[in-house]
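Working notes, structure below.
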Amino acid sequence: MAPKISLTRYLVTEQRIDGAIPADLRLLLEVVARACKSISLAVNKGALGGVLGATESENIQGEVQKKLDIIANEVLIEANEWGGHLAAMASEEMEGIYLVPNRYPQGEYLLLFDPLDGSSNIDVNVSIGTIFSVLKKPEGVGVSEQDFLQPGRNQVAAGYCVFGPQTTLVLTVGDGVAMFTLDREQGSFVLTQENVKIPEDTKEFAINMSNMRHWDAPVKRYIEECLAGKDGPRSKDFNMRWVASMVADVHRILTRGGIFMYPWDKREPEKAGKLRLMYEANPMAWLVEQAGGAATNGRQRILDIQPGKLHERVSVALGSKHEVERLTNYHLEG
Ligand code: AHG
Ligand code: MN
Ligand code: MN
C-alpha cells in the first residue's frame with residue numbers, strides 16, 4: 001500500500017519540488033490547518049462543550065453572532081498571531097483589521113477568513129466550515145486596511161475546512177486543488193484527493209429558491225429553464241440542493257459538479273449580494289477555477305473585481321464551467 005501523504009509532506013513537496021510556496025507560507029498553512037483542527041474539536045463537542053447557541057453581540061454585517069463564530073475567530077487569531085509569518089488578519093467577524101501585536105515578529109502575509117461559515121446550521125448539526133484566503137502585503141512600511149484591498153487573482157493560497165461527517169481541508173496554492181481528510185486517531189490531515197476537477201456540464205443547481213421573486217431577469221430565466229427540465233429548452237431534468245452553508249455547497253460542487261448561486265436580489269438592492277467578496281467569494285472562486293470551473297458575479301470574473309472595502313458583498317455564481325458561461329451570457333444579453 002502506498003504511504004499516506006500528510007498535509008505537511010504535501011506542503012514540503014510543493015515547496016521543494018514545485019517551488020509553488022515559500023517556507024513561511026508553508027508555515028502559515030500548517031498553522032491554519034492546526035486552527036481548523038481545534039475548531040473541528042469544538043464543533044464536534046457541540047452541546048457537551050457548551051458551544052451551541054447565540055451570543056448577545058452583532059457583527060459588522062448586523063448579524064447576531066453565534067458562540068462558535070466567536071470561538072472560531074479567536075482560535076484563528078491566537079494560532080496565527082505569534083508565528084512571525086503574518087502582518088495582519090481580517091475577519092468577517094471583526095470590523096477592522098487585526099494587526100499582529102508588536103511583541104511578535106511581523107511577516108509579509110495577510111490572512112483573511114470567514115471563521116465559521118454556515119452559522120444557521122450550527123445548532124441543527126448540519127455541515128459548517130472555515131474559509132480562508134492569503135494575500136501578500138504590498139511593499140512598504142506598516143500595514144493598513146488598504147493593503148487588503150487586492151483583487152482575488154492576487155491570492156497566494158486559499159481554502160476551506162468543512163466540518164461534516166468527515167472533516168476535510170481543501171487547499172490551493174495555485175497548483176491545482178488538493179483535499180485532505182482529518183485522521184482523528186493520528187491527529188493529522190491526510191491527502192485523499194489531488195487534481196480535483198469539476199465536470200464542465202451538470203444537472204444540479206444550488207440556490208435559495210425562496211428568494212425567487214426578488215431575483216433579476218437573467219437569474220429567473222436560468223432557473224426557470226432548469227425547472228422546466230426535459231420539457232423545456234434545456235431538454236434535461238435538473239436536481240436541486242441547498243445546504244445553506246457555502247462550504248458544504250462548494251464542497252459538493254468540487255466533488256461532483258454543479259452550479260452554486262447567491263445572486264443580487266431586490267430585498268436589499270443597495271447591497272451587491274449576500275456573500276462577502278474577500279472572505280467567501282474570492283477563496284471559493286479561486287478553488288473553483290483551479291479545479292477547471294468558473295466564478296462570476298454575472299458580468300465579471302470574481303477574481304478580477306477590485307474591492308472597495310473590506311466587508312464588500314458580491315453576487316456569486318460558480319461551479320461547472322458551461323453552466324456558469326450560460327448564466328453569464330443571459331446577463332450579457334439582458
Ligand atoms: P455565514 O454563516 O458566514 O454568515 O455565511 C452564510 C452564508 C453562506 O454560507 C450560505 O450560502 C448562505 O449564507 C445561506 O444564506 P440563506 O440563509 O439566505 O440561504
Ligand atoms: Mn460565510
Ligand atoms: Mn461566518
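Working out 0.36 nm times the residue gap between T255 and A23, then minus their Cα-Cα distance, what length gain in nm do you get to one decimal? Could you put the intermediate results ahead of the total?
Numbers: separation 232, 0.36 × 232 = 83.52 nm, distance 2.96 nm.
The T255-A23 span can extend by a further 80.6 nm.
What are the extents of the Cα atoms of the chain along their three principal axes, in Å, largest first?
63, 51, 45
Starting from the Cα-Cα distance between E56 and Q146, subtract it from 0.36 nm times their residue separation and give me the gain in nm to one decimal.
Values: separation 90, 0.36 × 90 = 32.40 nm, distance 3.05 nm.
Result: 29.3 nm gained on full extension.
Label points 7 Å out from Cα along the Cβ direction at E139 and E108: separation in nm?
1.1 nm
Let me cross-check R26: its accessible surface, 1.4 Å probe, with only protein heavy atoms counted, in Å² to the nearest 10?
Estimated to the nearest 10 Å², R26 gives 60 Å².
So what's region 7-193 giving for Rg/Rh, alpha carbon basis, Kirkwood Rh from the mean inverse pair distance?
Working: Rg = 16.3 Å, Rh = 17.0 Å.
We get a ratio of 0.96 for region 7-193.
Nearest 5 is fine: what % of DSSP beta bridges in region 204-334 come out antiparallel, could you say? Can you show the working numbers first?
Working: 10 of 14 bridges.
Antiparallel: roughly 70 percent of the beta bridges in region 204-334.
So if R0 is 41 Å, what FRET efficiency would S38 and Q300 give, r being the distance between their Cβ atoms, rounded to the nearest 0.05? Could the numbers behind the result be given before it?
Working: r = 37 Å, r/R0 = 0.90.
It comes to 0.65.
Once you sort the root eigenvalues of the Cα gyration tensor of region 199-263 as a ≥ b ≥ c, which label holds: rounded (a/c under 1.5), prolate (a/b larger than b/c) or oblate (the other case)? Walk me through the numbers on the way to the answer.
On the way: a/c = 2.20, a/b = 1.17, b/c = 1.88.
Oblate is the answer for region 199-263, as a/c is 1.5 or above yet b/c matches or exceeds a/b.
Specify the residue with the greatest mean-square fluctuation among A295, A244, A285, computed from a Gaussian network of the chain linking alpha-carbon atoms under 10 Å apart.
Greatest mean-square fluctuation among the candidates belongs to A244.
Cut-off 10 angstrom, C-alpha nodes, Gaussian network model of the chain. Which of I198, I71, I128 fluctuates the most?
I71
Once you've got the Cα coordinates, tell me which of K45/K274; K197/K236; K136/K309; K45/K66; K136/K203 are over 27 Å apart.
Numbers: K45/K274 29 Å; K197/K236 23 Å; K136/K309 17 Å; K45/K66 15 Å; K136/K203 38 Å.
Pairs exceeding the cut-off: K45/K274; K136/K203.
Sketch the reach of a paramagnetic label on N154 as a point 7 Å from Cα along Cα-to-Cβ, and name the residues of region 275-304 whose backbone nitrogen lies under 14 Å away.
Residues 278, 303-304 fall inside that zone.
Starting from the 7 Å offset along Cα-to-Cβ, what nm value, one decimal, do you get for the label separation of E74 and A217?
Placing both labels 7 Å beyond Cα along the Cβ direction yields 5.2 nm.
The values are calculated or read from the model by the stated rules, or taken from the named source; none is laboratory data. Not measured: the values here are computed from a predicted model. Ideal geometry is used to build each Cβ from the backbone, glycine not excepted, and the neighbour counts take in all protein chains shown. The accessibility values were calculated without ligands, DNA or RNA, using every heavy atom of the protein model including side chains. Shrake-Rupley method; radii C 1.70, N 1.55, O 1.52, S 1.80 Å.
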